[in-house]
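To start, the structure itself, in structure tokens.
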Protein chains: 2
Amino acid sequence: MATSPTGQKILRLAIIGSGNWGSAIAVLIGANIKRQPSIFQNEVRMWVFEEEVNGRKLTEIINQDHENVKYLPGIKLPDNIVAEPDVVKAAQDADMLLFVIPHQFVSKTCQTLAGKIKPDASAISLIKGLSTETGKIGLISDIIKNTLKIECGVLMGANVANEVAQQQYCETTIAFRNLRHGEKYREAIQTDNFRVSLVEDVTWAELCGALKNIVAFGAGLIDGLYGDKAGNTKAAVIRIGFMEMIDFAETFFPGGYRGTFLESCGIADVITTSYGGRNRRVAAAFAAQPNKSIEELQTEMLNGQQLQGPGTAEEVNAFLKQKNAEDDFPLFTAVHRVCKRDMKPQDLIAQLRDHPVHRSNTQHKSL
Amino acid sequence: MATSPTGQKILRLAIIGSGNWGSAIAVLIGANIKRQPSIFQNEVRMWVFEEEVNGRKLTEIINQDHENVKYLPGIKLPDNIVAEPDVVKAAQDADMLLFVIPHQFVSKTCQTLAGKIKPDASAISLIKGLSTETGKIGLISDIIKNTLKIECGVLMGANVANEVAQQQYCETTIAFRNLRHGEKYREAIQTDNFRVSLVEDVTWAELCGALKNIVAFGAGLIDGLYGDKAGNTKAAVIRIGFMEMIDFAETFFPGGYRGTFLESCGIADVITTSYGGRNRRVAAAFAAQPNKSIEELQTEMLNGQQLQGPGTAEEVNAFLKQKNAEDDFPLFTAVHRVCKRDMKPQDLIAQLRDHPVHRSNTQHKSL
């Protein structure tokens, strides 16, 4: 085991995933841990789902040219980021595992890794989505934790990937039940322009990251319908969606901390995604082009990247139906129905006029 | 006194002010109370500070053409909105007074009205700003309340005036200590597309309306510096500013209700103003044109309308200096210094890297 001159263990990181967000975070981490050789091993393996790009393997392109030409073109990866097509090799010997793959692949990937990682490793999930494998809504971090039998925190925040890679100033939130683990991840990730707040409320931080995509999709519908002449309407949709996020967390995952919604993972991410993310962009196109499906627009607009909002809206809707609670979440419900073309985007507003947040004569009880 | 067939008093409204926001709200109110003759008298006098526009008196234009050509051009005012150049005549016999004038004129206007209004009238302030008349920071609604000896609530929300006048869907917040008064204002103002939440926390609702202009100015600086390539940065500035608003309220005006910040007057207004308002717009120009002062840009860009952000930033800064608390509000302080050209807009970010909201190892205590 590698140790520093003071006898401290020198930690090895692995990044499991190499899409747009995974590659962006690799840009920060590679450069950042180079500056901290007494804490972190220099080499960081990054699992790359192998594919051919212009006749070359993507791992080969990354390792020779230090650029993920498919998912983060135009930005150099540090040379200590080493692409590895075998996920077991990528993860072995790592003390800290960063998961940043599409949420539908988490379970299978973790099953492949189970028993083959260091038993005292920890993990952090950068994945924005929910699990519905068990027939009810669950957290991605719980799948990682339960399958690998290690602690798993989350990193969630107002972090459009390309801007992070370009080192524009931003904030993020790391949540860990064990704050000492969280501190290590902060050391690996925080830079002058990527500021980390550390909190303990993993569950609500992760819910924020998933649910905000529904809200952003709703905000994008307003953009598609009314352009930039409806700032008030868009702000109302964002606020109402934000209140539904809080109500959802409090109702179905009680025990979190209201302040988590005021961290970067909460309100700031809702804002960023509602004004700049791909859910917003596709939603705007979806509202403006009534003859196209989400799937068609995704293929046309996203170059292989996944859109989370409609899927999360569907999963949340199935769950709300089970709980007989669709009417308590009019925006979540309406976004799902619009995505299925069961409701016109134009009818979204009608669902919000008598929203529960307006019904009470005095302040909403859960505030 | 006018009464309905059931013996209920029929209420008379007056609008004190006729700028962009006053004219927009007059569009809603005029149409809305016409539909409720058993509750409200049809005629609503609107005090207009007399000026000449194209050789005609503005009151005459409004009363003949039903359009405020200077401050809300292109939109018809209902014919029951009657422009009145004498503020005492505008207010006399009114049961409900809506104040919507620049904040620096409130005190003088109220002194003119004192003793000349109905003793059982109530008032609502739509004015976004703070008072510094008494040498310390105070609320506009308190000036109205104390000068006129009547109850005064506030209406604050994510309400860009032109969009409200065009009847785009939006939300707003009415705050009244006496909710029965608040209900009457809601009846007069709420329409299908202007949804009112009613709360009791007048003080924090009003603080939101004033302080958000500082935040929006900060957000606009980011726009001016980096265009639309810094969504993360802008969201961080907005969130940090929002946290400073909460801290400011809790520190200096304790006793409010945290949930007020989640109403339309809070987070939604911060968002709307940071993406669409005039403070944002002038701030972006200010950051991009380092040789111009706020005053020059205001003259060039705002057609006589007031910009609240820099003035509020200055008032808040003077107050924070007195309290020796500038360092606890780095964004408020930096925005003020940038406005005075004591700090370059580019240096704003450096002030936020070690912001108090990031310092703590666990969740911010006041959340």
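Every number here is computed from the coordinates shown, using simple stated rules; none is lab data. In this text, all values refer to a predicted model and were calculated from it rather than measured experimentally. In this analysis, Cβ positions are derived from the backbone assuming ideal geometry, glycine residues included, and neighbour counts consider all displayed protein chains.
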Farthest toward the dipole's positive end in the protein assembly as shown, which of B:Ile214, B:Gly115, A:Pro310, given Cβ charges of +1 (Lys, Arg) and -1 (Asp, Glu) about the Cα centre? B:Gly115
Number of partner chain Cβ atoms within 10 Å, mean per residue of A:242-250: 1
Quickly rank A:67-74, A:138-145 as a protection proxy: mean count of other C-beta atoms within 10 Å, highest first. A:138-145, A:67-74
Pairwise FRET efficiency - A:Glu183 versus A:Phe105, Cβ, R0 = 30 Å, nearest 0.05: 0.55
How would you classify the stretch B:13-200 from its alpha-carbon gyration tensor, with a ≥ b ≥ c the square roots of the eigenvalues: rounded for a/c under 1.5, else prolate if a/b is greater than b/c, otherwise oblate? rounded
How much FRET efficiency would the formula 1/(1 + (r/R0)^6) give for B:Ser293 and A:Lys89, where r is the Cβ-Cβ distance and R0 is 51 Å, rounded to 0.05? 0.25
Run through the other copies and list how far each one's label point is from that of B:Gly115, in nm with one decimal, shortest first; the point sits 7 Å from Cα along Cα-Cβ. 9.3
Highest GNM mean-square fluctuation among A:Ala285, A:Ala313, A:Ala158, for chain A with Cα springs under 10 Å, belongs to A:Ala285
List the pairs from B:Lys34/B:Lys184; A:Lys229/B:Lys70; A:Lys108/A:Lys340 whose alpha-carbon separation is above 25 Å, in the order I gave them. A:Lys108/A:Lys340
For B:Met46, residues with placed amide H under 5 Å, excluding near neighbours: B:Ile15, B:Val82, B:Ala83, B:Glu84
Take B:Ile349, A:Ile240 and order them by how many other Cβ atoms sit within 10 Å, fewest up front. B:Ile349, A:Ile240
If you look at just the Cα atoms of chain A, how large are its Rg and its Dmax in Å? 20.5, 65
Using a 10 Å cut-off on Cβ atoms, rank the peptides B:32-45, A:253-266 from the highest mean neighbour count down. A:253-266, B:32-45
Taking amide H positions as placed 1.01 Å from N in the peptide plane, with prolines and chain starts having none, which residues 5 or more places from B:Arg195, or on another chain, fall under 5 Å of its amide H? B:Cys170, B:Glu171, B:Thr172
Is there a quick way to get the dipole size of the protein assembly as shown? I mean about its Cα centre, with the Cβ of Lys and Arg at +1 and of Asp and Glu at -1; what is the value in debye to the nearest 20? 400 debye
Assuming R0 = 45 Å, can you tell me the calculated FRET efficiency for the pair A:Gln322 and B:Glu60, based on Cβ-Cβ distance, to the nearest 0.05? 0.10
Given +1 on the Cβ of Lys and Arg, -1 on the Cβ of Asp and Glu, and no further charges, what dipole in debye does the stretch B:13-200 carry about its Cα centre, rounded to the nearest 20? 360 debye
Looking at B:Val44, B:Gln298, A:Phe286, which one has the Cα that reaches farthest to the positive end of the dipole of the protein assembly as shown (charges on Cβ: Lys, Arg +1; Asp, Glu -1)? B:Val44
With both bridge residues required to lie in the stretch B:13-200, what share of the DSSP beta bridges run antiparallel, to the nearest 5%? 25 percent
Which residues qualify? For B:Leu11, with a placed amide H closer than 5 Å and at least 5 residues away or on another chain, they are B:Phe40, B:Gln41
Which of the peptides A:87-95, A:109-117 is most tightly packed, and how do the rest follow, going by the mean number of other Cβ atoms within 10 Å of each residue? A:87-95, A:109-117
About the Cα centre of chain A, how large is the charge dipole given +1 on each Lys and Arg Cβ and -1 on each Asp and Glu Cβ? Please answer in debye to the nearest 20. 280 debye
Looking at the square roots a ≥ b ≥ c of the eigenvalues of the Cα gyration tensor of the protein assembly as shown, which shape do they give, rounded for a/c under 1.5, prolate if a/b is larger than b/c, or oblate? prolate
Under the rule rounded for a/c under 1.5, else prolate if a/b exceeds b/c, else oblate, using alpha carbon gyration tensor axes a ≥ b ≥ c, the stretch B:204-358 is classed as rounded
